[in-house]
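Just below is one structure, and these are the notes that go with it.
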Amino acid sequence: MITFKFVRWKNFLSTGNAFIEIKLNENANTLIIGENGAGKSTILDALTFGLFGKAFRKINKPLLINSINTKDCVVEVEFDSNGKSFKIIRGIKPNIFEVYCNGSLLNQDSAARDYQEHLEKFILKMNYKSFTQIVILGSASFTPFMQLSANDRRTVIEDLLDIQIFSIMNTLVKQRFQKNKEDLELNRVLLAGKDEKRSYIEKTIESLKHNSEEKRAALLERVVADNKLLESVSASIADLEQERENTLSRATDINVFKEKHRKLIGLSSKIETNLSRVEKEKAFFSDNISCPTCRQEITETFRDSKIGEAEKKESDYKDGIEKINEEIQSCVEEIHRIDSLLQKVNNIKNDISSYKNKIGSIVSRINETEDAIEKLSTSDTMLDTAILELEDIKLTIDNATKDRESLLNDRKFIETALTLLKDGGIKTKIIKQYLPIINKTINKYLTQMGFFVNFNINEQFEETIKSRYRDEFSYHNFSEGEKMRIDLALLFTWRAVAKARNSISTNLLILDEVFDSSLDGNGTDEFLKIMWSMISDANIFVISHKTDQLFDKFQKVYRFEKHKNFSRLTI
């Protein structure tokens, strides 16, 4: 059983740079109240973020950090499990993910995802979906079991019944199936290769037995022709290399012109800026006979002097821009010319590379021909060697054929195991055994809550709901209050099954605004009585707006409030 003890957080959502801490195993029932936006539901996001690295509500991870302080977001969760004390510290800016067992940090050599997987599989023994179905019943960003997909429903029930081992076995068998498939493919390739080589050697033996001078003469003629072709290609390479050197000598360093072009552009921009300033100054003295700032008259002599100076500068700047544009055009033309030469050099390099590849092929063919001539010279020795090699290959083929038979037999066993371990196999049989118990427990809780229907889930995790008059309904036919009763009955059932199986047993149950929208005052009182009676061994937290109706019904009350844009806790 997991006993959650503390959750504390700071710089998380609307919480400031001081830890808010809530003790989770202190009281049998605790009420958390506060106005909208005060931060009372933050405990849900803090718990799921601390345990699973994501919020309960649909909030992206970067948005979890307090938007005012923007750093040092930290959540800590403490709990006991199997006689050991654990502490999880998770944070943002900086990113932190640490798991302590009895005060010692667990090995963090693996990647964060593997570290999280170890936490869920071997310490918590539940994943995010199971946690939110068994520990939390919320009104926001919560998907009730009845609204989950069939696959997600299966995942939750497999966690409850502790039959994930079959899923792990199924994964391992699939890996073994893939390995068998790969081994069969390698065996097929080996057999095909050896069979091809056997055919080749048999032809070689036949060729050696019928050796003749005609073959030798033909091979020698082929060598002469290939050598002539080799000389021709080598000459072509030499011509191309000479052409490449000549072209490179005509291509000066392009970076010099690019740098000059960049500087000219910058200089042109500066002169245009100065030209614009002078034109404005000229326009000012042309259009104004008095200073608009100090209201003093501008003498005509002064105006004429300023206009003359501006016109002189304007003429100089325009001449400068024209000359710079000519220089820029010259640079562009030179850059294009060098680019063209470099492209030509690159094409020549490609041609040289192509010819060198051709030389490689010719040389390889000459070597093969010379080897064939050599083999003709030692045909008797080659024949004996070929016969021995053929015997070795036949032995290899026999062994590979036996290996293939063994792999095919393994394939049959693996396919049988896959059939047993798939969703419709062993897991379904186990689930079928528990379905009557699950359905009976659900209906018991529904009856205790005054909701008299017959509720059943089949092995495909599809529900059938019948009224007292045997009319069939779906979950979505019911009112919000009736849906809430079904959700609570399922929640209680999952906790009961998990406790009986000792698979996912915990002291914590959190109900977020469950009573606020779907239940009236009397309904709320009845539900609280039912909860206290049905769940007597848990620490229950209720988050609610109904302060007047619920305040005196709980052993402990936490109140959240906003103070200077930060959430704070008052007891």
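The values are calculated or read from the model by the stated rules, or taken from the named source; none is laboratory data. These numbers were taken from a predicted model, which means no experiment stands behind them. Cβ sites come from the backbone with ideal geometry, for glycine too, and all protein chains shown count toward neighbours.
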Against the definition (touching a residue at least 12 places away in the same chain (Cβ under 8 Å), within 30 Å of Glu231 (Cβ to Cβ) and either among the hydroxyl-bearing types (Ser, Thr, Tyr) or buried (at least 16 other Cβ atoms within 10 Å of the Cβ) (or both)), how does Ile338 come out, yes or no?
no
Residues that are at positive phi and assigned by TED's automatic domain parsing to the domain that holds Phe551, at least 1 per element: which strands (runs of 3 or more DSSP E) completely within the range 5-88 meet that?
29-34
Restricting attention to the range 537-548, and to residues there that are more than 13 Å from Glu513 (Cβ to Cβ) and touching a helix residue (DSSP H, G or I) at 6+ places or on another chain (Cβ under 8 Å), which single residue is modelled with the lowest pLDDT?
Ala538
Pull out all pairs, ordered by first then second residue, where Cβ-Cβ is under 8 Å, the residues are six or more apart or on different chains, the first lies in the range 89-107 and is in a strand (DSSP E or B), and the second is of a type in the set (Lys, Arg).
Ile92/Lys61; Ile96/Arg90; Phe97/Arg90; Glu98/Arg90; Val99/Lys87; Tyr100/Lys87; Cys101/Lys84
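Okay, residues lined up against (1) in the same structural domain as His261 (by TED's automatic domain parsing); (2) aliphatic (A, V, I, L, M); (3) not in a helix (DSSP H, G or I):
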{"residue": "Glu333", "(1), (2), (3)": "yes, no, no"}
{"residue": "Ile338", "(1), (2), (3)": "yes, yes, no"}
{"residue": "Asp351", "(1), (2), (3)": "yes, no, no"}
{"residue": "Ser354", "(1), (2), (3)": "yes, no, no"}
{"residue": "Gly360", "(1), (2), (3)": "yes, no, no"}
{"residue": "Glu370", "(1), (2), (3)": "yes, no, no"}
{"residue": "Glu374", "(1), (2), (3)": "yes, no, no"}
{"residue": "Thr385", "(1), (2), (3)": "yes, no, no"}
{"residue": "Leu395", "(1), (2), (3)": "no, yes, no"}
Restricting the range 456-495 to residues that are buried (at least 17 other Cβ atoms within 10 Å of the Cβ) and of a type in the set (Asp, Glu), the residue that is farthest from Gly425 (Cα to Cα)
Glu482
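Conditions (1) within 22 Å of the chain's Cα centre (by Cα); (2) modelled with pLDDT of 85 or more, marked per residue:
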| residue | (1), (2) |
| --- | --- |
| Val75 | no, yes |
| Ser81 | no, yes |
| Lys87 | no, yes |
| Ala111 | yes, no |
| His118 | yes, yes |
| Met126 | yes, no |
